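Read the structure below first, then the notes.
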Amino acid sequence: MALIESEEHKALRSAVAALGRRHGRDFDREALWSEAAKLGYLGVNLPEAHGGGGGGTAELSIVLEELGAAGCPLLMMIVSPAICGTVIARFGTEDQKRTWLPGLADGTRTMAFGITEPDAGSNSHRITTTARRDPDTGDWLLTGRKVFVSGVDIADATLIVGRTADARTGTLKPCLFIVPRDAEGFVRRQIDMELHAAEKQFELSLDDVRLPADALVGDEDAGLLQLFAGLNPERIMTAAFAIGMGRYALARAVEYARDRTVWKTPIGAHQAVAHPLAQAHIDLELARLMMQKAAYLYDAGDDAGAGEAANMAKYAAGEACVKAVDQAVHTLGGNGLTREFGLARLITASRVARIAPVSREMILNYVSHQTLGLPKSY
């Protein structure tokens with residue numbers, strides 16, 4: 001793993017930053033999504049054989065980070081190409097790859113991801129959405145509920161995490177199913193959120209949703225391996241999302257501190273203003289290094305190593321983002337709460353990186369149990 005970015009990565013970062021500047025914080029989501037797709041950025045991590053760029057999570061994270069740093073992050077990049085695209089590319093049938101990957105790569109198709117449930121929270125082992133076979137037709141019948149699913153209204157399908165019964169043990173194991181948006185019995189309800197975002201959040205109800213046998217992604221017995229093939233990129237991309245947002249807020253604050261003059265002195269000349277901004281910059285840079293390590297490990301095929309690093313990256317980036325946004329708003333004072341400067345809405349948005357897709361407390365549990373070998377508290 002190189003600590004200094006390659007020339008190719010620097011060029012990608014520069015090109016995406018230019019795209020972000022053209023659209024800015026008042027961006028039109030559909031227009032930006034379409035242009036990013038045409039330039040090959042949305043599918044940069046997907047296989048060339050299916051219309052992608054042949055890169056990996058490292059390249060996709062650069063795209064999302066730079067768009068976020070320009071004030072126009074695309075949340076569905078975390079879901080559609082990173083989670084769903086990765087899972088299908090790694091474990092999907094050839095027919096699933098031909099059906100979905102070209103569209104996910106060129107932006108003409110979008111896929112949402114449903115894992116969280118009202119009563120399961122962060123415990124994926126308590127998922128109650130179940131799938132059973134129709135013995136007469138071989139179809140799957142999917143029943144359950146999901147919450148906080150992003151972009152279902154604009155997605156062609158949702159990759160749903162359900163559980164099937166192991167014929168040998170009778171225990172339930174996780175499996176992934178592609179559920180079309182218009183499937184009978186598949187109902188969505190928008191959740192009223194305070195969060196300012198182009199993508200809406202939904203609660204889903206699945207009432208004996210009938211799916212063909214080939215709706216199952218990958219091997220029915222692969223279980224957690226396939227699930228975490230999507231969750232590790234999700235954590236890495238969430239880190240990119242948070243780092244980009246933190247960089248955007250910090251840049252606005254630095255510009256203001258450089259220009260805002262009180263008693264003939266720019267406020268940025270005062271250490272009480274300058275030092276917290278410097279600390280925010282350091283924290284964001286450190287989080288990016290861990291994110292790059294996680295992406296490198298994942299792209300190299302080290303799922304176990306990537307799992308640890310991805311969790312750490314997501315934790316570090318979430319903390320750094322919240323601190324950067326808070327300090328940026330504080331630097332601007334009253335102006336930090338105005339629509340003109342566009343920082344106040346980030347106060348809510350920055351919390352997402354601490355909460356989703358897994359809380360910072362659950363990451364600390366993971367590190368204390370898996371990395372440090374301490375006994376579980378639950």
>> So Leu46 ticks every box in (1) within 21 Å of Ala310 (Cβ to Cβ); (2) of a type in the set (A, V, I, L, M, F, W, C); (3) open to solvent by 10 Å² or more (accessible area, probe 1.4 Å); (4) at pLDDT 95 or above but one. Which box is left unticked?
In response: (3)
> From the set of residues in the stretch 348-374 that are farther than 19 Å from Gly307 by Cα and either in contact with a helix residue (DSSP H, G or I) (Cβ under 9 Å, 6 or more places away or on another chain) or of a type in the set (D, E, K, R) (or both), which is surrounded by the fewest Cβ atoms within 10 Å (Cβ to Cβ)?
Replying inline: Arg351
> Can you name the number of the only condition in (1) touching a Ser or Thr at 6+ places or on another chain (Cβ under 9 Å); (2) open to solvent by 20 Å² or more (accessible area, probe 1.4 Å); (3) over 30 Å from Ala344 (Cα atoms) that Thr86 fails?
Replying inline: (2)
> What number of residues within the stretch 264-280 satisfy the criterion of being surrounded by fewer than 17 Cβ atoms within 10 Å (Cβ to Cβ) and either under 17 Å from Ala242 (Cβ atoms) or in contact (Cβ under 8 Å) with a residue 24 or more places away in the chain (or both)?
Replying inline: 1
> Counting just the residues of the stretch 14-43 that are free of Cβ contacts under 8 Å to residues at least 60 places away in the same chain and open to solvent by less than 20 Å² (accessible area, probe 1.4 Å), which one comes out nearest to Leu346 (Cα to Cα)?
Replying inline: Gly24
> Can you tell me how many residues in the stretch 285-304 are open to solvent by 60 Å² or more (accessible area, probe 1.4 Å) and of a type in the set (Gly, Ala, Ser)?
Replying inline: 2
> When you go through (1) open to solvent by 70 Å² or more (accessible area, probe 1.4 Å); (2) of a type outside the set (Gly, Ala, Ser); (3) under 30 Å from Ala89 (Cα atoms) one by one for Arg260, which number turns out not to apply?
Replying inline: (3)
> Out of all the residues in the stretch 127-147, is one or more more than 26 Å from Leu32 (Cβ to Cβ), open to solvent by 20 Å² or more (accessible area, probe 1.4 Å), at pLDDT 95 or above and of a type in the set (Asp, Glu)?
Replying inline: yes
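The values are calculated or read from the model by the stated rules, or taken from the named source; none is laboratory data. Being a predicted model, the structure only gives us computed values, none of them experimental. Using ideal geometry, Cβ is built from the backbone for each residue, glycine included, and neighbour counts are taken over all protein chains shown. Note: areas computed on protein heavy atoms with side chains; ligands, DNA, RNA excluded. Shrake-Rupley method; radii C 1.70, N 1.55, O 1.52, S 1.80 Å.
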